[in-house]
Amino acid sequence: SAVESVITSGIFSTLNIYNTLIIGRLILTWFPNPPRQIMYPLATICDPYLNLFRGIIPPLGGIDLSPILAFTVLNV
């Protein structure tokens with residue numbers, strides 16, 4: 001039905017936007033001093049979700065692998 005299609009596409013779009021925000025957050029962590037005007041809002045939005053997986057997969061040698069699991073769960 002039309003309602004089901006609108007709801008499904010809305011959820012799909014929201015998940016794609018959230019994936020993009022997480023990617024932006026991860027890219028900014030590669031820089032030593034990212035702009036606070038960009039980093040703080042992204043951290044506020046993305047870190048609660050990423051922290052769920054940081055408890056499952058601890059960082060190995062300073063590399064945080066938890067986003068891999070976070071992306072997998074978000075895309076399933």
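Computed values, structure above
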{"quantity": "The chain: relative contact order in percent, alpha carbon pairs under 8 Å with at least 6 residues between", "calculated": "26 percent"}
{"quantity": "GNM result for the chain, Cα springs below 10 Å: residue of TYR49, TYR18, TYR40 fluctuating most strongly", "calculated": "TYR40"}
{"quantity": "Between helix 2-28 and the chain: long-axis angle, C-alpha atoms, 0 to 90°, nearest 10", "calculated": "10 degrees"}
{"quantity": "Convex hull (Cα only) mean projected area of the chain, reported in nm² to one decimal", "calculated": "5.9 nm²"}
{"quantity": "Top of PHE31, PHE12, PHE53 by mean-square fluctuation, Gaussian network on the chain, Cα under 10 Å", "calculated": "PHE31"}
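Read-outs throughout are calculated quantities, based only on the coordinates presented, and are distinct from any laboratory measurement. Quick caveat, the model's predicted, so the values are computed rather than measured.
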